[in-house]
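The values are calculated or read from the model by the stated rules, or taken from the named source; none is laboratory data. Nothing here was measured: the structure is a model prediction, and the numbers come from that model. Note that we place each Cβ from the backbone using ideal geometry, even for glycine, and neighbour counts take in every protein chain shown. Ligands, DNA and RNA are stripped out before the accessible areas are found, and what is left, the full protein with its side chains, is counted by its heavy atoms. Shrake-Rupley method; radii C 1.70, N 1.55, O 1.52, S 1.80 Å.
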Amino acid sequence: MTACRPAIRRRPRSRRLYFGVRLLFCLISIELVGFCPVLARADDAQGLAAATSLQRVLIDVIHRVEPSIVSIARVRPSTNSGRFNALEIDPENRLESDRPENPDFVPNEFGAGVVIAPPSGGGQRYILTNYHVVHGGPNSKAGESQIYVRFGDRRGYYAQILAGDPRSDLAVLAIDYAAMGVKPADLKPLALRSETMPLEKGQLVLGLGNPYAIARDGSATASWGMISNISRRPAPTRVREFGLPQADSSIHQFGTLLQVDTRMELGTSGGALVNLRGELIGVTTSLAALEGYERSVGFAIPIDEFTRRVIDTLCHGYEVEYGFLGLTLKTMLPDQLRRRYGVNFKQASTVEVKTIIPNSPAAIAQVRQEDMILDIEGHPLLDQFDLMRYVALFGPEATVRLRIWRPSESGELTLAAKLGKWPVMEEDATIATSRRYPPWRGLIVDYPTGRYKYIGWPFQFRDAVVVASVGARSPAQAAGLAEGDFIASVNSVPVRTPGEFQDAVRAAAGPVTLELADRRKVTVQN
């Protein structure tokens with residue numbers, strides 16, 4: 001005979017859920033509005049007031065932010081005719097469902113974007129989004145697709161990429177003011193977060209985007225949650241010799257991303273992650289959905305010192321350049337340090353220098369093999385990915401301080417290194433519509449390590465600039481210069497950077513003598 005347990009009276013599930021949600025709202029409202037009721041004594045009126053306060057904050061932020069969020073569709077040609085689907089329809093017939101201008105049009109490739117102003121200032125407006133939203137990857141060619149942007153008021157236009165950077169996965173679109181019938185001042189940009197406001201775990205955030213293209217009518221979809229972690233590295237990357245990652249990797253493989261507990265479904269890439277002040281704190285990405293991670297996990301590219309530099313560069317139409325030290329590293333754990341050197345550092349781990357490229361910034365700074373790099377510009381280095389991430393904060397020619405522990409001297413020292421340029425591996429994938437320096441007599445040059453295809457083996461830093469392109473029928477071509485040549489001096493003035501080259505040729509008039517790295521001399525006429 002089985003004994004019967006006494007029945008336990010439970011609140012209906014719906015009521016338990018109601019009180020749980022109400023308690024969450026009350027707890028969150030403590031942070032939001034400074035209202036701190038004693039929860040054990042809170043009556044229904046207090047709970048409702050707390051929930052209403054939170055609700056009002058969220059509604060206000062969404063109302064202020066959503067005019068700055070756009071939906072983006074990438075339209076590819078029809079498989080039958082090879083022409084764009086959007087162009088096959090009678091342009092006078094605005095009701096056809098396969099025109100991007102029609103809210104019933106459902107694109108196969110879609111995302112979101114954010115209206116911004118350049119971080120360096122100015123009255124222009126641009127659309128910031130993810131690179132992968134507007135570009136199909138390194139195998140896509142110009143003209144293979146069109147980009148259609150729709151604003152919250154349902155106005156839209158076919159957009160052009162001003163600049164795109166696959167390594168940061170960021171891109172900027174130009175705004176066609178004439179097609180939109182607006183002036184720059186008519187468009188409200190999202191303010192980038194204040195540097196004085198740190199990003200912290202537990203910080204409440206709102207995400208606005210275009211999941212599954214449901215915001216194609218221009219009305220952004222909003223969700224809310226909190227920052228779960230910072231400096232996340234979503235997936236391991238394979239590394240080539242001398243610390244050069246494979247071509248499909250990005251800077252975010254080194255641990256730059258915000259992890260957010262709000263869902264980032266397909267289509268949320270390029271959207272806005274904002275704080276409760278309505279400031280843009282991150283560009284959302286559906287990386288977790290693309291990689292098959294748990295759907296409740298989301299990622300965003302944070303707005304910080306690094307992304308401000310990238311965004312400003314893209315707003316000028318330039319190629320984004322990254323710093324390069326020229327060494328390889330190995331992570332050293334505490335037990336390894338104790339066994340080998342009998343030392344304990346305050347930080348949990350550090351990095352050891354394995355290899356130094358001759359004549360590289362690291363070599364010139366007197367970094368030695370087996371040195372332990374403890375920090376860069378005050379940022380502790382706990383593994384080799386930390387150094388790659390922090391070096392990327394700076395562009396070429398930036399001088400960074402490295403705090404070193406040298407085993408041979410059993411002591412610390414600080415070294416200053418002037419960075420070179422990280423080699424561009426997928427040149428066709430980088431999008432730039434403007435150049436920092438104009439061509440000189442048909443000649444465009446880059447840093448000696450600016451293009452991976454010109455570096456050769458063994459890997460080396462040359463005291464020269466590399467010829468990146470030569471204009472057809474130009475004086476440079478007539479002089480016999482070709483892509484991949486290295487120019488060591490201009491009229492006997494040594495040059496190692498594009499800036500130094502421009503300064504040297506700007507001061508020259510008439511025929512100019514260039515000495516190449518292989519000792520050949522070439523004279524370029526006017």
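Solvent-accessible area per residue in the stretch 368-526 equals 47 Å², computed with a 1.4 angstrom probe and all protein chains kept. Karplus-derived 3J(HN,Hα) values for the stretch 49-66, using 6.51 cos²θ - 1.76 cosθ + 1.60 with θ = phi - 60°, are 5, 5, 5, 5, 5, 4, 4, 5, 4, 4, 4, 4, 5, 4, 4, 6, 8, 4 Hz; glycine and proline are entered as x. For the stretch 367-526, averaging the sequence separation of C-alpha pairs within contact (under 8 Å, six or more residues apart) and dividing by the residue count gives a relative contact order of 15 percent. Placing dummy labels 7 Å off each Cα toward the beta-carbon, the span from residue 492 to residue 197 is 5.9 nm. Counting only protein heavy atoms and using a 1.4 Å probe, the accessible area of residue 379 comes to about 70 Å².
If packing is taken as the average count of other Cβ atoms within 10 Å, what order do 119-132, 501-514 fall into, highest mean first? Present the calculation step by step, with values, prior to reporting the outcome.
Details: 119-132: 19.6, 501-514: 15.6.
Descending mean neighbour count gives 119-132, 501-514.
For the stretch 451-489, the set of chymotrypsin sites (Phe, Trp or Tyr not before Pro) satisfying both a DSSP loop assignment and a count of at most 11 other C-beta atoms within 10 Å is empty.
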